[in-house]
Amino acid sequence: MSQLPLRAQLASALGRTAATLSRATGRGDGSVIGGRVGLALEPDLLRKLAQDRRLALVSATNGKTTTTRLITSALQELGDVATNAFGANMPAGHVSALSSAKDAPYGVLEVDEKYLPEVIDTTGAGVVVLMNLSRDQMDRAAEIWLLAQKWRRALAGRNTHVIANADDPLVTWGASTAPSVTWVSAGQPWKEDSWCCPECGGPLDRKGLDYVPPGGHVSGVVGPATQDENDWACRECSFRRPQPSWILDGETAIDPRGRRWPLDIQLPGRANRANAVIALATAEAFGLPVERALPRLREVTSVAGRYTTVEREGRHARLLLAKNPAGWLEAFDVLDPTLPVILSVNAQGPDGRDTSWLWDVDYRVLRGRPVYVTGERKFDLALRLEVADVPFQLMGSFAQALAAQPPGKVDVIANYTAFQQIRSEFGRAV
Ligand SMILES: [Zn+2]
C-alpha cells in the first residue's frame with residue numbers, strides 16, 4: 001500500500017489517539033470520535049484511506065452488520081481486512097475502521113443506507129452489496145423509494161460491481177443502473193413495502209402467492225414446486241425480477257454453476273442463511289471460491305452481541321435484535337417454539353421515537369407460548385398483543401422478566417437501545 005500524505009498520516013494517527021482515549025475513559029469503542037477527529041483535520045481522509053484497497057460496501061435496512069462480518073471473515077482467507085465491526089456505519093466510523101488497519105489490502109464497510117451514495121463516491125469502492133429496503137425509524141428515515149433512487153444515481157456510470165438481492169423489487173431497482181450486477185435470490189419475507197412497481201407505480205405480481213392488498217391476509221399457499229415463490233413482475237411495465245445466479249434454497253446455497261452447498265452456519269434463522277449466500281457471492285467477486293469462503297462463514301457464532309446468551313441464576317437468555325417490522329419477522333423465524341419469549345421495546349433516539357410500526361408486525365405467531373413484555377413502550381406493545389389475541393404478562397424490567405422464568409432457556413427479542421441495555425447489564429455477568 002502506498003504511503004499516505006503527511007497530513008493524512010497525522011489526521012489518521014490523531015484520530016486513533018482520540019479513539020484510544022475514548023475507550024480508556026469508558027465512552028464506547030471510540031470509533032466514531034476517532035473518525036470525527038481525523039475528518040476534522042483532513043476532510044479528504046476517507047478518500048485517501050480508501051485508495052489502493054479493494055473495498056466492499058454493505059448496505060440494507062436489516063442484516064448489514066451481520067453480513068459485513070460474514071464477508072470480512074471470508075475475505076480474511078485472502079489477507080488482512082479493515083472493517084467497522086461495531087456498526088459505526090457513517091463516514092467517521094469508516095475513517096476509524098480504515099485507519100486502524102492501515103496496511104490491510106481489503107476493506108469491508110457497513111454503510112448506513114442514507115450515506116451510501118456519498119461513501120460510494122468518496123471511496124470509489126469496487127464492490128457494493130445491497131440486500132433489502134423496508135420501513136424503519138418512521139419518524140426520521142427518508143422514504144425508501146427516494147433512497148433507492150439515490151442509489152441508482154450513485155451507481156450509474158461507475159465501474160462498480162454490485163451484489164444485490166433480486167427478490168427485493170426496490171433493491172433490484174436501486175441496483176439496476178450499475179454496469180454489472182450479481183443477482184442473488186436471497187428471499188424477501190417482508191413484502192409490505194413492495195406491492196408497487198418502483199419503476200411505474202403499477203401493481204407487482206408475485207409468484208407463489210395470491211395477490212393481496214397491503215394489510216390484507218396472505219394465504220401463504222405456495223404454488224407448485226416448479227414455481228419460484230420469490231419471483232415477481234410488474235403487471236404494467238417491463239420491470240421484473242432479474243434471473244438470479246446465486247440462490248438460497250432452504251438450508252442450501254446454489255452457486256452460478258448449479259452446485260449445491262449445505263450452508264451449515266452457526267448463526268440461526270433464514271435471514272442469516274440469506275446473509276451467508278450474499279457473502280458467498282461477494283467473496284466470489286473478490287476471487288474467493290465457495291470452498292474457501294464457506295468454512296470461514298461457519299466460524300462466526302455471534303455478531304456484536306446478536307444471538308449471544310446472557311445468564312443469571314440458571315436462566316439462559318438468547319438475545320435477538322429486531323429494529324423494525326421486517327426485522328421482527330426474521331426474529332420470529334429464529335425463536336424456539338418450545339421456549340418462553342421476553343419482548344422489550346424502547347423508543348429512544350436510536351430506536352426512533354415513533355413506535356407505530358408495532359401495528360405492522362403480525363404477532364399472532366407468538367400465541368401458545370409464554371410471552372413477557374417489558375421496555376419503555378411496554379404498554380404500546382401490550383395493547384398491540386391484546387388486539388392480536390396473544391396472552392402476555394407485563395413486567396417492570398427485563399431483570400424481573402428473567403427472574404420470573406423457570407431455570408433454563410428463554411428467547412429475548414429487543415429493539416436497539418433495549419438490546420444494548422440488556423447487554424450492558426447482563427452481558428458481563430456471565
Ligand atoms: Zn412497472
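The values are calculated or read from the model by the stated rules, or taken from the named source; none is laboratory data. Because the structure is predicted, anything quoted here is derived from the model rather than measured. Cβ coordinates were reconstructed from backbone atoms using ideal geometry, including for glycine residues, and neighbour counts include every protein chain displayed. Remember, those area values only see protein heavy atoms, side chains included, never the ligands or the DNA or RNA. Shrake-Rupley method; radii C 1.70, N 1.55, O 1.52, S 1.80 Å.
Odds and ends about this structure:
- Subset of the stretch 153-168 [closer than 24 Å to residue 119 by Cβ and crowded, with 17+ Cβ neighbours inside 10 Å]: 154, 155, 158, 160, 161, 162, 163, 164, 165, 166, 168
- Residue in the stretch 102-112 that is closer than 25 Å to residue 271 by Cα and in contact with a His (Cβ under 8 Å, 6 or more places away or on another chain) present: yes
- Residue match in the stretch 356-363 (condition: farther than 20 Å from residue 339 by Cβ, open to solvent by 10 Å² or more (accessible area, probe 1.4 Å) and free of Cβ contacts under 8 Å to residues at least 40 places away in the same chain): yes
- Odd one out for residue 180, checked against (1) without any contact (Cβ under 8 Å) to a residue 60 or more places away in the chain; (2) out of contact with any helix residue (DSSP H, G or I) (no Cβ under 9 Å at 6 or more places or on another chain); (3) surrounded by 24 or more Cβ atoms within 10 Å (Cβ to Cβ): (3)
- The stretch 232-246: number of residues that are over 14 Å from residue 195 (Cβ atoms) and open to solvent by less than 50 Å² (accessible area, probe 1.4 Å): 6
- Of all residues in the stretch 233-257, those that are of a type in the set (Ser, Thr, Tyr) and within 12 Å of the ligand (Cβ to nearest atom) total 1.
- Some residue of the stretch 198-206 being buried (at least 18 other Cβ atoms within 10 Å of the Cβ), over 16 Å from residue 112 (Cα atoms) and of a type in the set (D, E, K, R): yes
- A search for C-beta distances below 6 Å between a residue of the stretch 185-204 that is closer than 25 Å to residue 275 by Cα and hydroxyl-bearing (Ser, Thr, Tyr) and any residue that is in a loop (DSSP other than H, G, I, E, B) and open to solvent by less than 20 Å² (accessible area, probe 1.4 Å), counting only pairs 6+ apart in sequence or on different chains, returns 185/166; 185/167; 185/244.
- Any hit, the stretch 26-43, residues being in a helix (DSSP H, G or I) and surrounded by fewer than 17 Cβ atoms within 10 Å (Cβ to Cβ): yes
- Filter result for residue 198 (touching a Phe, Trp or Tyr at 6+ places or on another chain (Cβ under 6 Å) and within 16 Å of the ligand (Cβ to nearest atom)): yes
- Unmet requirement for residue 372, which otherwise passes all of (1) part of a strand (DSSP E or B); (2) touching a residue at least 40 places away in the same chain (Cβ under 8 Å): (2)
- Long-range neighbours under 7 Å by Cβ, at least six apart or interchain, first residue within 17 Å of residue 351 (Cβ to Cβ) within the stretch 390-418, second assigned to a strand (DSSP E or B) and charged (D, E, K, R): 412/318
- Screening residue 12 on (1) closer than 25 Å to residue 164 by Cα; (2) open to solvent by less than 10 Å² (accessible area, probe 1.4 Å); (3) of a type in the set (S, T, N, Q); (4) outside any loop (DSSP other than H, G, I, E, B) shows it passes everything except condition (1).
- Single residue of 331, 326 found to be touching a strand residue (DSSP E or B) at 6+ places or on another chain (Cβ under 6 Å) and assigned to a helix (DSSP H, G or I): 331
- Those residues of the stretch 51-64 which are modelled with pLDDT under 95 and surrounded by fewer than 23 Cβ atoms within 10 Å (Cβ to Cβ), in sequence order: 51, 52
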